[in-house]
Structure formats: C-alpha cells, structure tokens
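Asks: First the structure, which I've put down as structure tokens, then a few questions once you've had a look.
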Amino acid sequence: MKGILLVNLGSPDTPEPADVKNYLREFLMDERVIDFPYFIRSLLVKGIILNTRPKKSAKAYKKIWWKEGSPLIVLSKRLKEKLEKKVDIPVELAMRYGNPSIKYGLDSLSKKGVNEILLVPLYPQFAMATTETILVLAKEIKNKFYPHLKLSSFKSFYDDKNYIRVLSNSIKEFLKNKKWEHLLFSYHGIPKRHIKKSDITKSHCKMNNVCCDTKSKAHNFCYRHQCIKTTQAVAKFLKLKDGAYSTSFQSRLGPDPWLQPYTDKTINNFAKSGVKNMAVVTPAFVSDCLETLEEIGMEAVEDFEENGGEKLHVVPCINDREDWVELLSKWVTEWNEKVLEKI
C-alpha cells in the first residue's frame with residue numbers, strides 16, 4: 001500500500017526558552033544548515049549561539065504563537081487533514097526538526113500497512129539546508145529502522161505551472177483593492193557557499209544573472225536559480241511590469257556572505273526612496289511561520305514605516321488554501337509521473 005509523508009521545517013514545542021534552545025540545537029547542528037566541520041560547528045552553536053539566541057528567539061515566537069500552538073505546525077496539520085480527505089491513501093505529517101519527527105511519520109505509515117512512501121518536502125525550491133537534509137535523514141531512518149519501506153521523493157515545484165497559478169492567485173486576491181507600488185519577492189537566504197556546494201557541475205554557478213539564465217543541469221539543485229525563476233513565472237502570470245517587482249533574501253545569520261540583496265535593507269531603501277505603499281510575498285515558504293509572521297509581518301512592517309513608508313502589505317503563504325490542497329491531491333494522484341528519483 002502507498003502513503004504520503006508531508007515534511008515541513010519544524011518548530012519548538014513551546015515558545016519557552018528551554019524548548020527553543022532544544023529546537024535550535026537540533027536545527028543548527030545539522031551539517032547541511034551550518035556546514036562547518038563538526039568541531040567548529042559545535043563550538044559555534046553550543047559555545048556561542050545557544051547561550052545567547054534562545055531567549056531572543058523565544059520572545060519572537062511568543063509574538064506569533066497561536067492558542068493552538070506554533071502557526072507552522074497548526075497550518076501544516078490543517079493541510080495534511082484536508083489532503084487526507086481528498087486522496088485514498090494514508091497521509092502523515094513530519095518535521096525535519098522538532099515534532100512530529102520524520103521517524104514518527106515513517107513509523108505511523110508503516111503501522112498502517114504502507115510499504116511505499118512518497119516524501120513531499122514542503123519547499124518549492126531545492127536547497128541543501130531544506131530538501132536535501134530531509135531526504136538524507138529520511139533515508140538514514142528508513143535504512144536503520146524500516147528497511148522494508150520503499151521511498152520516493154517529490155521533485156522541487158518552483159516552476160510548476162499549477163503551483164505558479166496557485167501562488168499568483170493568492171497574491172492577486174490578497175492585493176485586490178490595495179494600493180501598492182512595488183512587489184518584493186522575499187526568499188529565505190542561504191550562504192553563498194551552499195550554492196557552490198550544490199553545483200553538481202562544479203563549475204556552472206557564478207551567482208550572477210548570466211549563469212541563472214544559461215541552461216544547465218546545475219539548475220536542478222541551484223536555490224538561487226529556482227528562486228529567480230519563481231519570481232519571473234509569477235511576474236509573467238500577473239503581467240507585472242519591469243521595475244514593479246524584485247527579488248531579495250531574508251534571515252541571514254553570521255558574518256559570512258549570504259545571497260543578496262538582503263530583504264531588510266531592500267525594504268528600508270524603498271521606503272527611503274519615497275515608496276509609500278509596498279507588498280511583500282515569501283514564496284520559499286508554503287506555511288506561515290516565524291520568518292513570515294514576525295520577521296516580515298512585524299519587524300519589516302515597523303522598519304518600513306520608520307523609514308518613511310506608509311503601508312507594507314504582507315501576503316500570506318498559501319498555507320491550506322483550497323486550490324493548493326487540490327493541487328497537492330492532483331500530484332499525489334499522478335504520483336508515478338511525478339517521482340524524481342528513488343532515495
């Protein structure tokens with residue numbers, strides 16, 4: 001029997017510092033998130049970050065925490081429940097970090113008699129710190145505890161025409177009757193070295209618009225390319241004029257160079273240049289979370305207004321929209337055509 005495992009990023013169990021610290025430890029000690037040698041990573045995370053960041057992050061989580069729990073977890077559960085009603089096979093939800101774990105998801109499906117699982121990372125674009133780490137961990141757990149299971153992975157859907165339609169319609173509907181002069185596509189940032197490491201050709205990626213627009217098999221694993229293509233596809237669907245939209249990257253950590261331009265600086269520069277009404281969409285996320293609700297929905301809004309802007313419209317993620325659920329159910333139905341590779 002077949003089954004589906006939806007996998008999202010994850011969240012602390014509560015917004016209290018102790019739980020946030022446990023979550024950050026698991027997240028930041030992942031070698032595909034902070035890709036330094038173990039000793040250096042351990043020194044950085046356990047010696048510095050975990051002694052300073054949990055309290056600050058806990059305050060941010062408390063600002064956006066819902067009565068039902070973490071917004072990301074709640075919204076992901078709603079998506080899972082809606083999808084399960086539309087398909088004839090079991091669906092489970094897991095998080096790469098925190099609970100419910102990937103092991104829990106695989107175990108739950110196995111106990112239901114499932115022996116073939118389609119992993120669906122809930123990330124439109126591929127990155128080693130998102131999709132890749134999910135696939136690697138799932139394979140390790142499967143080989144250790146569930147060798148009878150057959151796993152397949154769903155490919156990145158950053159340029160899927162139906163996904164672009166869902167994303168574009170969510171933007172169009174939210175911004176209807178709202179005044180805005182510029183639409184910013186803000187993606188989660190990653191260190192530039194991650195782009196180089198993900199280049200399977202070892203030579204194509206130069207991180208400029210030339211390489212992103214030059215056909216290459218490296219694009220299958222290039223986060224920057226895939227973000228840019230998502231922006232271009234939505235802009236084309238919505239018939240946005242040149243200059244009316246742009247791409248930026250948020251949530252950088254540490255002194256290393258990350259993908260640019262940076263979202264916070266971009267938003268502030270637009271406000272300082274006289275743009276009064278602006279909109280931001282976050283297409284690297286399918287579910288609203290700390291990065292969308294607090295970093296953009298609170299911090300960026302405040303910064304925009306302090307620098308002379310009047311209104312920063314923050315477009316919600318596609319979350320559990322009906323057209324998104326319908327598309328997921330279509331993909332599940334067409335499973336055999338959508339499998340990228342066995343893992």
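Asks: Please give the number of the condition THR214 fails out of (1) outside any strand (DSSP E or B); (2) of a type in the set (S, T, N, Q); (3) surrounded by 18 or more Cβ atoms within 10 Å (Cβ to Cβ).
Replies: For THR214, the exception is condition (3).
Asks: What number of residues within segment 236-253 satisfy the criterion of being without any contact (Cβ under 8 Å) to a residue 40 or more places away in the chain and either within 30 Å of LEU50 (Cα to Cα) or surrounded by 14 or more Cβ atoms within 10 Å (Cβ to Cβ) (or both)?
Replies: Here the count works out to 1.
Asks: Quick test for you: out of GLY297, GLY309, GLY254, GLY274, pick the one residue that is touching a strand residue (DSSP E or B) at 6+ places or on another chain (Cβ under 9 Å) and at positive phi. Spell out the reasoning first.
Replies: Details: GLY297 fails: at positive phi; GLY309 fails: at positive phi; GLY274 fails: touching a strand residue (DSSP E or B) at 6+ places or on another chain (Cβ under 9 Å).
Going through GLY297, GLY309, GLY254, GLY274 in turn, just one is touching a strand residue (DSSP E or B) at 6+ places or on another chain (Cβ under 9 Å) and at positive phi: GLY254.
Asks: Take the residues in segment 70-128 that are in contact (Cβ under 8 Å) with a residue 60 or more places away in the chain and of a type in the set (Val, Ile, Thr); name whichever of them is nearest to VAL166 (Cα to Cα).
Replies: Within segment 70-128, the match that is nearest to VAL166 (Cα to Cα) is VAL120.
Asks: Do we find a residue being surrounded by 23 or more Cβ atoms within 10 Å (Cβ to Cβ) and either in contact with a Ser or Thr (Cβ under 6 Å, 6 or more places away or on another chain) or in a loop (DSSP other than H, G, I, E, B) (or both) anywhere in segment 127-141?
Replies: There is at least one residue in segment 127-141 that is surrounded by 23 or more Cβ atoms within 10 Å (Cβ to Cβ) and either in contact with a Ser or Thr (Cβ under 6 Å, 6 or more places away or on another chain) or in a loop (DSSP other than H, G, I, E, B) (or both).
Asks: In segment 23-44, which residue that is in contact (Cβ under 8 Å) with a residue 24 or more places away in the chain and touching an Asp or Glu at 6+ places or on another chain (Cβ under 8 Å) is surrounded by the most Cβ atoms within 10 Å (Cβ to Cβ)?
Replies: TYR23
Asks: Let me ask you something else. May I ask you to list pairs of residues, at least six apart or on different chains, whose Cβ atoms are under 6 Å apart, with the first in segment 152-164 being in contact (Cβ under 8 Å) with a residue 40 or more places away in the chain and the second being in a loop (DSSP other than H, G, I, E, B) and surrounded by fewer than 16 Cβ atoms within 10 Å (Cβ to Cβ)?
Replies: SER153/ILE343
Asks: Are there helices (runs of 4 or more DSSP H) fully within segment 45-113 with at least 3 residues that are surrounded by 16 or more Cβ atoms within 10 Å (Cβ to Cβ) and more than 23 Å from the chain's Cα centre (by Cα)? List them.
Replies: The qualifying helices (runs of 4 or more DSSP H) are 102-111.
Readers should treat all values here as calculations from the given coordinates under stated rules, not as data from a laboratory. Computed from a prediction, not measured in an experiment: that's the story for all the values here. With ideal geometry, Cβ positions are generated from the backbone for all residues, glycine too; neighbour counts draw on all protein chains shown.
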